[in-house]
Amino acid sequence: MAGLKSNKERSEEAEKLIKDITKMSVDTPFELPDLTKTANMLMGYGVGKDDIIQTMTQLGDLSAGNADKLNRISLAYGQMLAKGKVTGEELRQMTEAGVPLLNALAETLNVSTAELQNMISKGQVGIPELNQTIEALTSNGGKFGGMMAEQAQTMNGMLSTLRDNMSQFGRDVGAD
């Protein structure tokens with residue numbers, strides 16, 4: 001039973017994850033309930049606890065700090081994870097949410113969009129290629145790199161941060 005974690009270890013991991021998500025809510029235009037919902041959804045699709053903040057950061061940047069878009073993008077991403085490949089349906093969902101994933105994937109794979117669509121229809125585009133493309137889009141210099149940080153500086157982003165800080169204050173006062 002060496003591989004099993006104790007209740008204390010699982011509790012400590014959960015507490016750390018909650019702290020990380022809370023910090024993300026303070027540092028981004030997203031509010032804690034939206035991030036908690038997204039984290040739960042992504043973990044349900046198989047994203048590991050150790051990868052959840054990085055994944056949510058990338059998807060949050062793709063959403064340009066918009067909670068509705070984050071939900072839609074996360075759902076499409078999770079559905080592709082569950083299928084183990086990129087599909088036309090989820091690709092359309094991403095495009096409708098404002099993420100030009102078709103062109104970005106074609107660029108990553110160095111093929112035309114027509115060739116990419118053919119590859120997708122044959123199930124030849126997997127999660128590694130998807131993740132590589134998302135990384136390119138959200139890294140420094142990528143089209144969506146740092147979008148959450150930019151949005152956090154807007155009036156709406158600052159109001160969101162204020163609401164999260166007030167909620168955290170209320171939780172802290174209630175815990176004492």
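Mind checking which lysines have their Cα closer than 21 Å to the Cα of Lys19? Skip sequence neighbours fewer than 8 apart in that chain. Cross-link targets: Lys5, Lys8, Lys37, Lys49. Computed 3J(HN,Hα) for region 106-111, one whole-Hz value per residue from the Karplus formula 6.51 cos²θ - 1.76 cosθ + 1.60 where θ = phi - 60°, is 4, 5, 4, 8, 6, 9, glycine and proline marked x. Semi-axes of the equivalent ellipsoid of region 30-143 are 23, 15, 12 Å, computed as sqrt(5λ) over the eigenvalues of the C-alpha gyration tensor in descending order. Can you give the log10 of the normalised intensity I(q)/I(0) at q = 0.22, 0.27 Å⁻¹, computed with Debye over equal Cα scatterers of region 1-84? For the requested q values the scattering log ratios are -1.01, -1.36. Each peptide among 23-32, 86-95, 113-122 gets the average number of other Cβ atoms lying within 10 Å of its residues, and from highest to lowest they stand as 23-32, 86-95, 113-122.
Each residue of region 13-21 was assigned a 3J(HN,Hα) from its phi angle through the Karplus curve 6.51 cos²θ - 1.76 cosθ + 1.60 (θ = phi - 60°); the sequence is 5, 5, 4, 5, 4, 4, 5, 5, 5 Hz, with glycine and proline shown as x. Spacing of the modelled spin labels on Asp68 and Glu12, each 7 Å from Cα toward Cβ, amounts to 4.3 nm.
Bear in mind these aren't lab numbers, they're just calculated from the coordinates by the rules spelled out. What you see is a predicted model, and the numbers here were worked out from it, not measured in a lab. A quick note on method: Cβ atoms are made from the backbone with ideal geometry, for glycine too, and the neighbour counts reach across all protein chains shown.
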